[in-house]
Amino acid sequence: MVNIEDFIKRLETILEYYSLTASSFADKISVQRSSMSHLLSGRNKPSLDFIMKLVEEFPEVSLEWILNGKGSFPKDDFTPTPTIIQAEKK
């Protein structure tokens, strides 16, 4: 079971790491901005669709880390590709 308070902290870590607002993050992973607001407030739990979009858009986020806090962020074995490096510079 995902602890929602811990999940929110990890999600906030991702937002801070990439200097993204909740709105820009929602746009980046193609979810409604209200979904992000509801998640960050603790009103809703993350859907499977939300989690899958997050790890697809941000390959350096480990599924196990975002769900359970196990492992590290960014992934220990993550090597940025040129595409990711360019996106981080924007």
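Distances between placed amide hydrogens fall under 5 Å for Ser62 paired with Lys75, all partners being 5 or more residues away or on another chain. Shape of region 1-57 from the C-alpha gyration tensor: rounded (a/c under 1.5, with a ≥ b ≥ c the square roots of its eigenvalues).
Within 13 Å, Cβ to Cβ, of Thr21, how many net charges do the neighbouring residues add up to if Lys/Arg are +1 and Asp/Glu are -1? Local net charge: -1. The fraction of all Cα pairs in region 31-78 landing in successive 5 Å bins from 0 to the largest distance is 5, 21, 26, 24, 17, 6, 2, given as whole percents. Each residue of region 38-50 was assigned a 3J(HN,Hα) from its phi angle through the Karplus expression (A = 6.51, B = -1.76, C = 1.60, θ = phi - 60°), giving 5, 5, 5, 7, x, 5, 10, 8, x, 7, 4, 4, 4 Hz with x at Gly and Pro.
Bear in mind that the values in this text are calculations on the coordinates, not laboratory data. Just so it is clear, the structure is predicted and the values come from calculations on it, not from any experiment. We place every Cβ from the backbone using ideal geometry, glycine too, and count neighbours over all the protein chains shown.
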